[in-house]
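First up is the structure itself, then whatever we jot down about it.
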Amino acid sequence: MARSLHWAWRQPAQFEVPAVKLSVRSILLLVAVVLFVFAAVGVGLAGVSLVPLGLAFFAGAFLVSEGGFSLRA
């Protein structure tokens, strides 16, 4: 009986969560998606249209390389 009681109280397995690294590109894409969702829902921002703003962030994400700002392909 002691053996089954020991099995019932054992600690659960510990899982290691990998670290998430956000680059400038992924942050710009995330902001663009949030702006598009806000525009689709109908949230307004004091006369500023969110669709062109989201497109600007989306285009800016492709101008930024992994190391920083770059205009080369």
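Odds and ends about this structure:
- Check on VAL17, modelled with pLDDT under 80 and either surrounded by 10 or more Cβ atoms within 10 Å (Cβ to Cβ) or within 27 Å of SER65 (Cα to Cα) (or both): yes
- Residue-level check: of (1) at pLDDT 80 or above; (2) surrounded by 13 or more Cβ atoms within 10 Å (Cβ to Cβ), SER65 misses just (1).
- In the stretch 15-47, the residues that are assigned to a helix (DSSP H, G or I), without any contact (Cβ under 8 Å) to a residue 24 or more places away in the chain, more than 10 Å from PHE57 (Cα to Cα) and of a type in the set (Val, Ile, Thr): VAL34, VAL37, VAL41
The values are calculated or read from the model by the stated rules, or taken from the named source; none is laboratory data. Quick caveat, the model's predicted, so the values are computed rather than measured. When we count neighbours, we look across all protein chains shown, and the Cβ atoms used for this are built from the backbone with ideal geometry, even at glycine.
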